[in-house]
Every structure is written in structure tokens, then in C-alpha cells.
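I have placed the structure first, in the form of C-alpha cells, so that the comments after it can refer back to it.
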Amino acid sequence: MTKGFDFPDSGLTPGMPVEFEAFYEMHRADYIHWAELYLGNRADAEEAVDRAFEQLALDWPEVLVQEKPAAYAWVVMKHRTIDVARERGRRLELIDTAPFETVELRNAVDPIGELEESLKIYRAISALPERQHDVIVLRYCLGHTITETADILGITEAGVRSTARYAKRRLKEALGLEKEGSADDHTH
């Protein structure tokens, strides 16, 4: 770690505000899980997240005056994850092994067909606008509840539901699953 911070293993730097310590404890594991999905390994994910928390610790008074501190922190974490990916010569995208690590694939009658579908889905998710992408990854790839997703992203639960609804519609269109003029178009 740089700048004298010692966050991992709950060894927060003495004197950090209790609000920061609580925020750190509440979000670090979720941030690492997300970053690992994109960086491909735990060590890189931990490095990216620890860099984010270093920045947040330095800027903590400014973070607290943000309209949505959790949303601000999410953006900082994503930027530090992008930094680590660039340093490793990689682009930030769902890792290539993500489709291979699904329960559906392990239990599939037709694993090759399931893999092809998973790859199409991951490509379609990657093409979503940023907020929709984040909601879909947190909700459906990482398995967070609506409440957890809202807390992580710093948005309302209604915002998560609405964003997920629009994202799923876009995914259906991208995957050719939505027929023009279907009854579903008129009920939502």
C-alpha cells in the first residue's frame, strides 16, 4: 500500500473517521468482487480497490458533501480498476472466463450450446450504457439484491428496478428475443 494506509485485514489507519471505517467495511468486499470479475484475479482486484479507498480516505471530507457519497465512491473504484487494467495492458471488460464460471454451464445438458449463449449474453451486457451495465452485473452476474445494488451504486431501489427493466429490454433486443409489436411492449 502507498501513502501509509493499511486498510486490508481491517487494519485501518488509526484516526480514520468512524464513518469512513464503516463505509470501508460495508463496501470493500463488494468492490473486490466486482473488480475481480473485470481484472481476472483477486490480487489485482484488491490493489484496485485499495487504491480507491486510499483516494477516498484522502478526500473523505469532500466525499461526505457529495449528494450521493456511495455513487461518488463507486466511480472512484471503477476508475482505479481501469487504472490497474491499463497498467496490466488490459481493457476493462468482463473477463473472458466469466461465461465458463456459471452454474448453468456446469449443470447444462448441452454445455457447448450454453457456453455460446453465455458468450452472447456477456457481449450484449458489455454493450449496455454504463449505469445499465453496472446494475445488470451487480444484480444478475454477482447476485446482489435490489437493496444491495442500490447501496453499492448510491442510487434508489426504484432507480435499480427501472434501470434493470430498461437494460433487460435492451438485452432482449440485442439477443433477438423481443419481437416487434409484442404485447410485452405495451404492458411496461
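Do we find a residue being among the charged types (D, E, K, R), touching a Ser or Thr at 6+ places or on another chain (Cβ under 8 Å) and modelled with pLDDT under 95 anywhere in segment 102-109? Yes - at least one qualifying residue is present in segment 102-109. Just one of the listed residues (VAL65, VAL75) is more than 21 Å from ARG86 (Cβ to Cβ) and β-branched (Val, Ile, Thr), and it is VAL65.
Conditions tested, residue by residue: (1) assigned by TED's automatic domain parsing to the domain that holds ARG169; (2) closer than 30 Å to ARG169 by Cβ; (3) at pLDDT below 90; (4) of a type in the set (A, V, I, L, M).
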residue: PRO61; (1), (2), (3), (4): no, no, no, no
residue: GLU93; (1), (2), (3), (4): no, yes, yes, no
residue: ASP96; (1), (2), (3), (4): no, yes, yes, no
residue: GLU117; (1), (2), (3), (4): yes, yes, yes, no
residue: HIS133; (1), (2), (3), (4): yes, yes, no, no
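For segment 23-44, filtering for residues that are farther than 20 Å from TRP60 by Cα and over 12 Å from the mean Cα position of the chain (by Cα) leaves 5. Just to be sure, is LYS172 assigned to a helix (DSSP H, G or I), more than 17 Å from the chain's Cα centre (by Cα), not polar (S, T, N, Q) and not assigned by TED's automatic domain parsing to the domain that holds VAL63? Yes, satisfied. State which residue is farthest from the chain's Cα centre (by Cα) when the search covers only segment 140-169 and only residues that are surrounded by fewer than 17 Cβ atoms within 10 Å (Cβ to Cβ) and touching a residue at least 60 places away in the same chain (Cβ under 8 Å). The selected residue is GLU148.
The values are calculated or read from the model by the stated rules, or taken from the named source; none is laboratory data. What you see is a predicted model, and the numbers here were worked out from it, not measured in a lab. All Cβ positions, glycine included, derive from the backbone under ideal geometry; neighbour counts span all protein chains shown.
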